[in-house]
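Everything below concerns the one structure shown next.
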Amino acid sequence: MSGAKRRASLPERALRAARQRARTQAFGRTLTIAPRDDLVGMGLPYGRWAVPASLIDADSVCYLGGIGKDISFDLGLIARFGCTIHAFDPVPEAVEYARAAAAAEPRFVLHPAGLWSQDGTLRFYDHREPGFVSHSATDMHDTGTFFAAPVRSVASLMHELGHDRVDLLKLSVEGSEYELVGNVLDEQLDVRVLCVEFAQPAPRPPIDAVLGRLRAAGYALVEASLPPWNWKLTFVRAAR
């Protein structure tokens, strides 16, 4: 494993934050949102997502990629709708946290693996900020330090778990979102509600390309939450 890069100075961090706020505002101005009157926010502020309540019930199949140290969204779905959720994260600290936080909830099913476009093993690279639980399979923070962990594809999981659809797929996966959304579309998987976090900083062209593919596949953007470092978008696919 190679050594991590030098941590940025305070002036460097302030400049980077200012630039990212400007990028975020510019990105927000490009979005067209299709309003819905059934959206509900679930989870604490950091882990919050908006989902269409009319499309989720006790029988919904929910795959939630990325745990970190916040499962308030996961537990909120269970409490409101009574559904079973499948949560995925390859990071040992996240797995340990989730096991303790959901120990009394049998409808929270934990899978200690990452999501990817195929089954296998990947390197997961450290965040640039010390102490962050999140790791990136794409080394988006260019740290070079990593650990290896198993990964699963959505299609493989659906086959193993006996699901012919996924009613809700959440991707908070530190740079793997492009690979995963592309794979879902390429495989024409029956994913009905898609929550995607575009982790930052990241170049705009790949994000715009993903948004274009989702529109072409019949997904409408129904909610955008845009903290500077975590662009969180909720999409709903038109009925087939």
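Computed from the coordinates by the stated procedures, all read-outs in this text should not be read as laboratory data. The shown structure was predicted, so the numbers you read here are calculated from the model rather than taken from an experiment. Using ideal geometry, Cβ is built from the backbone for each residue, glycine included, and neighbour counts are taken over all protein chains shown.
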Dipole of the stretch 38-237, positive direction: furthest Cα of 157, 111, 234, with charges on the beta-carbon = 234
key: Label point distance in nm, residue 208-residue 147, each placed 7 Å from Cα along Cα→Cβ   = 3.9
Alpha-carbon Debye profile of the stretch 136-182, log10 I(q)/I(0) at 0.14, 0.23 Å⁻¹ = -0.45, -0.95
Two-site label geometry, residue 57 and residue 237: point separation in nm, points 7 Å out along Cα→Cβ = 2.0
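Could you tally the net charge around residue 238, taking each other residue with its Cβ under 13 Å from the Cβ of residue 238, Lys/Arg +1 and Asp/Glu -1?
Numbers: positive: 36, 192, 215, 237, 240; negative: 190.
My count for the surroundings of residue 238 gives +4.
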query = Over the stretch 161-240, what is the percentage of antiparallel beta bridges among all DSSP beta bridges, to the nearest 5?
reply = 70
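Run the dipole for the chain about the Cα centre, Lys and Arg Cβ at +1, Asp and Glu Cβ at -1, nothing else charged, and hand back the magnitude in debye, nearest 20.
Using Cβ point charges on Lys, Arg, Asp and Glu, the chain gives about 1000 debye.
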task = Kindly rank 11-20, 198-207 from highest to lowest mean number of other beta carbons found within 10 Å of each residue.
result = 198-207, 11-20
key: Note, ³J(HN,Hα) from phi for the stretch 214-220, Karplus 6.51, -1.76, 1.60, rounded to Hz, x at Gly and Pro   = 5, 4, 5, 8, x, 8, 9
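How far, in nm, would the chain grow between residue 216 and residue 37 when pulled straight, counting 0.36 nm per residue and subtracting the alpha carbon separation? Show your work: numbers first, answer last.
Values: separation 179, 0.36 × 179 = 64.44 nm, distance 2.35 nm.
Taking 0.36 nm per residue and subtracting the Cα distance, the gain is 62.1 nm.
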request  = Report the extension gain between residue 121 and residue 186 in nm, rounded to one decimal, defined as 0.36 nm multiplied by the number of residues separating them, less their alpha carbon distance.
outcome  = 21.3 nm
message = Run the simple label-point estimate for residue 26 and residue 96 please: 7 Å along Cα→C-beta, distance reported in nm.
response = 4.1
task = For the chain, set up a Gaussian network in which alpha carbons nearer than 10 Å are linked by springs, and say which option among 98, 216, 53 fluctuates the most.
result = 216
request  = Quick one: grab the alpha carbon gyration tensor of the stretch 81-200, order the square roots of its eigenvalues as a ≥ b ≥ c, and give me rounded if a/c is under 1.5, else prolate or oblate depending on whether a/b is larger than b/c.
outcome  = oblate
For residue 76, net neighbour charge (Lys/Arg +1, Asp/Glu -1) across residues whose Cβ lies under 13 Å away = +1
ask   = Residues with beta-carbon under 14 Å from that of residue 208, excluding residue 208: net charge, scoring Lys, Arg +1 and Asp, Glu -1?
value = +4
key: Compactness of the stretch 38-237 - radius of gyration and Dmax, Cα, Å   = 15.5, 43
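When the chain is fully extended, how far beyond the present Cα-Cα distance does residue 164 get from residue 44, taking 0.36 nm per residue of separation? All intermediate terms of the calculation are to be shown ahead of the outcome.
Numbers: separation 120, 0.36 × 120 = 43.20 nm, distance 3.05 nm.
Stretched out fully, the residue 164 to residue 44 stretch lengthens by 40.2 nm.
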remark   = Any residue on another chain or 5+ positions along whose placed amide H is under 5 Å from the amide H of residue 191 is listed here as 166
